[in-house]
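The values are calculated or read from the model by the stated rules, or taken from the named source; none is laboratory data. As the structure is a prediction and not an experimental result, all values here were calculated from the model. Positions of Cβ are backbone-derived with ideal geometry, glycine not excepted, and every protein chain shown enters the neighbour counts.
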Amino acid sequence: MQNQDKGSAPQPVPAARMASSRFALWTAAQRRTVLSLSAILLLFLAILNWQQPVSLSDPATQSALRSDEIADRLDPNTADAAALAAIPNLGEKRAAEIVDYREEFFRQHPNQTAYKTLDDLLRLKGFGVATVANLSPFLCFPANPGDPPAPIPSRKK
């Protein structure tokens, strides 16, 4: 430091020296070290990725796991909307559509089964082949389509 008299004003620091000292938190050697370590880490990760690439497995199976073993498949001719809504990717709205169509069908065709096969669901608006195929592991239909369905408990409105 410079010797200063009590009455003399402090000497101004040159702007270039002040800027370099303000922003230079690390010395040049420290910056080189950090840069070298970063480069080594990046090289290590690149080699690791090259030796063991990450890949996704094949797409999910078409049917749910162990769906063939489920004893509780739902019959769309007798199941209520809440039970149908529990089927994955079906939802409450589509479950209600299945029940509404079934009830309307029973009014127009007493003692007949509304849904005899899986393809009968295609009559519903918004139900396509893919949707029906996704529902197949969770639904069952009467063994003898000529048999009338079991009685349906009445819905209270």
In the stretch 55-112, which residues are of a type in the set (Gly, Ala, Ser) and modelled with pLDDT under 80? Ser55, Ser57, Ala60, Ser63, Ala64, Ser67, Ala71
Out of (1) at pLDDT below 85; (2) within 40 Å of the chain's Cα centre (by Cα); (3) surrounded by 10 or more Cβ atoms within 10 Å (Cβ to Cβ), what's the single condition that is false for Ser20? (2)
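Which residue is nearest to Arg73 (Cα to Cα), if the candidates are limited to the stretch 87-132 and must be of a type in the set (S, T, N, Q) and not in a helix (DSSP H, G or I)? Walk me through it before giving the result.
In the first step, residues of the stretch 87-132 are kept if they are of a type in the set (S, T, N, Q); the result is 89, 108, 111-113, 117, 131.
Imposing the further condition that a residue be not in a helix (DSSP H, G or I) reduces the set to 89, 111-113, 117.
Details: Asn89: 15, Asn111: 22, Gln112: 21, Thr113: 17, Thr117: 14 Å.
The residue in question is Thr117.
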Which pairs turn up if I take residues in the stretch 78-90 that are among the hydroxyl-bearing types (Ser, Thr, Tyr) and look for partners that are surrounded by fewer than 14 Cβ atoms within 10 Å (Cβ to Cβ) with beta carbon separation below 8 Å, at least 6 apart in sequence or on another chain? Thr78/Ala150
